[in-house]
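Enquirer: The structure that follows is given in the form of structure tokens.
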Amino acid sequence: MPQEPAERRVVVTGPPRRTRRSSGYYRPRTEIDEQTTLGHTYVRSLMRIQLRTGLTVFAVLALLIGPLPLVFAAAPDARRLEWAVLGFGLYPPLVLLARWYVRRAERNERDFVRLVEDR
């Protein structure tokens with residue numbers, strides 16, 4: 001009894017028969033990935049708000065620490081006061097300022113992700 005050759009399967013490739021239906025709204029993530037003008041605007045707005053947050057922290061820090069040399073120069077005999085202010089007085093505001101900055105930066109990024117994610 002002769003054996004029949006096995007049937008060969010032929011795979012035909014071509015354009016997909018079904019195409020995705022475009023939804024009625026634009027997708028910001030696509031705009032960013034394709035580096036369009038609108039995507040550039042989205043990223044620039046995130047960078048601008050992060051810069052504004054950083055400059056706010058810098059301004060508060062400058063107002064907090066900037067006048068200290070003048071205060072210390074006005075009271076030359078208060079060496080212990082200087083060390084107390086530098087060692088204990090500045091630490092809590094710096095920690096609070098750092099916490100505020102991190103929370104604000106994370107909130108900015110979370111808002112940006114919510115903006116560009118598919119809803």
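The values are calculated or read from the model by the stated rules, or taken from the named source; none is laboratory data. Predicted, not measured: the structure shown is a model, and the values here were computed from it. Methodologically, a virtual Cβ is constructed for each residue, glycine included, from the backbone with ideal geometry; neighbour enumeration extends over all protein chains shown.
Enquirer: Can you tell me which of (1) more than 15 Å from the chain's Cα centre (by Cα); (2) at pLDDT below 80 is the one residue 32 doesn't meet?
Expert: It fails just one condition, (1).
Enquirer: Okay, next question. Report the residue count in segment 91-102 for those that are in contact with a helix residue (DSSP H, G or I) (Cβ under 7 Å, 6 or more places away or on another chain) and either modelled with pLDDT under 90 or of a type in the set (Ser, Thr, Tyr) (or both).
Expert: 1
Enquirer: Next up: For the structure I just gave you, tell me whether residue 14 is modelled with pLDDT under 80, loosely packed, with under 10 Cβ neighbours inside 10 Å and of a type outside the set (Lys, Arg).
Expert: Yes; evaluated as a whole, the condition is true for this residue.
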